[in-house]
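Below is one structure, written out as structure tokens; the observations come after it.
The values are calculated or read from the model by the stated rules, or taken from the named source; none is laboratory data. Predicted, not measured: the structure shown is a model, and the values here were computed from it. Please note: Cβ atoms are built from the backbone with ideal geometry, for glycine as well, and neighbour counts cover all protein chains shown. Side chains included, ligands, DNA and RNA excluded: accessible areas come from the protein's heavy atoms. Shrake-Rupley method; radii C 1.70, N 1.55, O 1.52, S 1.80 Å.
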Amino acid sequence: MKGQGDAVLQKSAPIIQRKRTIKEKTKKLLQNYDLYLLLLPTLLYFLVFHYFPMYGVQIAFKNFNATLGIMGSPWIGFEQFTRFFQSYQFWTVLKNTIGLALFELAVFPIPIIMALLLNQLVSRRFKRIVQTVTYAPHFISVVVLVGMLYLFLSPRNGIINQLIALFGGDPIFFFGIPEWFKPLFVFSGVWQNLGWGMIIYLAALTSISPDLHEAAVMDGASKIRRIWHIDIPGILPTVIILLILNMGNLLNVGFEEVYLMQNSVNISSSEIIQTHVYKAGLLGAQFSYATAVGLFNSIINFILLIIVNQTAKKSGQSSLW
């Protein structure tokens, strides 16, 4: 009888432990209910605007008909993807998207360099002025930004062309030359978002212990040496995390600015995946085709995110998971 009782206890032990764990978790949940209530709006936002719409991704594999609905539309497999890959615009759109993405990746270190330089300034007043001036463009909308570009770069009375004419040059129609589109797009984005990036890296720099700098000064290290051996290693985890996030969003080039800067003259270098999806899906009502193109773009971004994250993890750096 004793042996049977021990066997029953051994079998029931995991169940008792599981109930105890559930009870403890429920108790913790009730104790911190206010924190979960604060988290609830964010969860609802992601559920409503990011997860529920995934239900409609299936129309990429269907010949979607609005009268039949998503479930009633017939399946056609990968036909929409094949159509995109065989399209005469495929290589142009892909080349322009990757070109803009790599150009933006190339200027990724600019906010880091500016933050490192600003951190070395002795005058706090001048540092605050620089931060304010560089951060102010972040509050300008994309529409206003593109409008400013059109005004400054106008071939007739734009400030830039007036300066060119002042030095004896000929006015340049910047928005009419395809080669100028990528530099204008990328560097206008740098100007607008430089201050925001600097704030993130400056916050990371403040977490570095001043004792390290004091010890380096006592050892006779120059400012360049202190930046290289103290500041850069100190903000490297932040840099890696932001780089991973940027890589996961690499092909999602800013649609609004590209579309506003685009015209019939520079379209050969400004047509990207996002504008192609907009024109095919919303303007052309080709919903299945546009969904397939957008899904292709998302899959590429997801693969890049996984690769970069795993590379950072294996090299011993910070990673998202």
Can you pull out every residue in region 79-105 that is hydrophobic (A, V, I, L, M, F, W, C) and either touching a residue at least 12 places away in the same chain (Cβ under 8 Å) or not in a helix (DSSP H, G or I) (or both)?
81, 84, 93, 94, 98, 100, 101, 103, 105
Residues of region 88-128 satisfying the condition of being of a type outside the set (S, T, N, Q), open to solvent by 50 Å² or more (accessible area, probe 1.4 Å) and within 24 Å of residue 207 (Cβ to Cβ):
109, 110, 113, 114, 117, 121, 122, 124, 125, 126, 128
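Considering 287, 255, which residue is buried (at least 17 other Cβ atoms within 10 Å of the Cβ) and of a type in the set (Phe, Trp, Tyr)? Lay out the reasoning, then the answer.
Values: 255 fails: buried (at least 17 other Cβ atoms within 10 Å of the Cβ).
So the residue among 287, 255 that is buried (at least 17 other Cβ atoms within 10 Å of the Cβ) and of a type in the set (Phe, Trp, Tyr) is 287.
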Scan the helices (runs of 4 or more DSSP H) fully inside region 106-177 and keep the ones with 1 or more residues being farther than 30 Å from residue 230 by Cα.
142-152, 159-166
Which of (1) open to solvent by less than 40 Å² (accessible area, probe 1.4 Å); (2) within 27 Å of residue 250 (Cβ to Cβ) is the odd one out, the single condition residue 73 does not satisfy?
(2)
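Taking residue 140 as the residue in question, decide whether it is β-branched (Val, Ile, Thr), within 19 Å of residue 205 (Cβ to Cβ) and either within 24 Å of the chain's Cα centre (by Cα) or at pLDDT 90 or above (or both). Let's see the steps before the verdict.
Details: β-branched (Val, Ile, Thr): yes; within 19 Å of residue 205 (Cβ to Cβ): no; either within 24 Å of the chain's Cα centre (by Cα) or at pLDDT 90 or above (or both): yes.
Answer is no for this residue.
With the structure loaded, tell me whether residue 200 is assigned to a helix (DSSP H, G or I), in contact with a Leu (Cβ under 8 Å, 6 or more places away or on another chain) and either at pLDDT 90 or above or among the β-branched types (Val, Ile, Thr) (or both) or whether it fails that test.
Numbers: assigned to a helix (DSSP H, G or I): yes; in contact with a Leu (Cβ under 8 Å, 6 or more places away or on another chain): yes; either at pLDDT 90 or above or among the β-branched types (Val, Ile, Thr) (or both): yes.
Criteria met by residue 200.
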Search result, residues across region 270-285 that are in a helix (DSSP H, G or I) and more than 18 Å from residue 80 (Cα to Cα)
270
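Just name the residue that is surrounded by the most Cβ atoms within 10 Å (Cβ to Cβ) out of those in region 129-142 that are of a type in the set (Val, Ile, Thr) and more than 12 Å from residue 188 (Cα to Cα). Walk me through it before giving the result.
Taking region 129-142 first, the residues of a type in the set (Val, Ile, Thr) are 129-130, 132-134, 140, 142.
Among the residues that remain, those that are also more than 12 Å from residue 188 (Cα to Cα) are: 129-130, 132-134.
Working: 129: 11, 130: 17, 132: 10, 133: 11, 134: 21.
The residue in question is 134.
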Assess whether residue 248 counts as being open to solvent by 10 Å² or more (accessible area, probe 1.4 Å), touching a residue at least 12 places away in the same chain (Cβ under 8 Å) and in contact with a Phe, Trp or Tyr (Cβ under 8 Å, 6 or more places away or on another chain).
yes
Filter region 50-78 for residues that are of a type in the set (S, T, N, Q) and outside any helix (DSSP H, G or I); the one that is farthest from the chain's Cα centre (by Cα) is 67
Filter result (of a type in the set (Gly, Ala, Ser) and farther than 15 Å from residue 92 by Cβ) within region 256-305
281, 284, 285, 288, 290, 292, 294, 298
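Output the residue which, of all residues in region 252-269 that are in a loop (DSSP other than H, G, I, E, B) and of a type in the set (A, V, I, L, M, F, W, C), is modelled with the highest pLDDT. Before you say what the answer is, go through the steps one by one.
Of all residues in region 252-269, those in a loop (DSSP other than H, G, I, E, B) come to 252-254, 262-266.
Now drop any that are not of a type in the set (A, V, I, L, M, F, W, C), which leaves 253, 265.
Values: 253: 83, 265: 90.
Per the stated criteria, the residue is 265.
So which residues in region 232-283 are within 13 Å of the chain's Cα centre (by Cα) and among the hydrophobic types (A, V, I, L, M, F, W, C)? Give the steps one after another, and end with the answer.
Initial filter on region 232-283 (within 13 Å of the chain's Cα centre (by Cα)): 241-255.
Selection gives 241, 242, 243, 244, 245, 247, 250, 251, 253, 255.
Please determine whether any residue of region 184-201 is more than 30 Å from residue 244 (Cβ to Cβ) and either among the charged types (D, E, K, R) or open to solvent by 90 Å² or more (accessible area, probe 1.4 Å) (or both). Talk me through it step by step, then tell me what you get.
Step one: of region 184-201, the residues more than 30 Å from residue 244 (Cβ to Cβ) are none.
No: zero hits.
Can you tell me which residue is least open to solvent (accessible area, probe 1.4 Å) among those in region 219-229 that are at negative phi and free of Cβ contacts under 8 Å to residues at least 12 places away in the same chain? Outline the logic, then answer.
Here is the first cut: in region 219-229, the residues at negative phi are 219, 221-229.
When the remaining residues are screened for being free of Cβ contacts under 8 Å to residues at least 12 places away in the same chain, the result is 219, 221-222, 224-225, 228.
Values: 219: 132, 221: 37, 222: 59, 224: 125, 225: 140, 228: 165 Å².
Applying the filter and picking the extreme gives 221.
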With (1) open to solvent by 20 Å² or more (accessible area, probe 1.4 Å); (2) farther than 30 Å from residue 144 by Cα as the list, and residue 216 as the residue in question, which single condition is left unmet?
(1)
From the list 104, 79, 24, which one is closer than 24 Å to residue 257 by Cα and among the charged types (D, E, K, R)?
104
From the list 232, 240, which residue is within 17 Å of residue 113 (Cβ to Cβ) and surrounded by fewer than 18 Cβ atoms within 10 Å (Cβ to Cβ)?
232
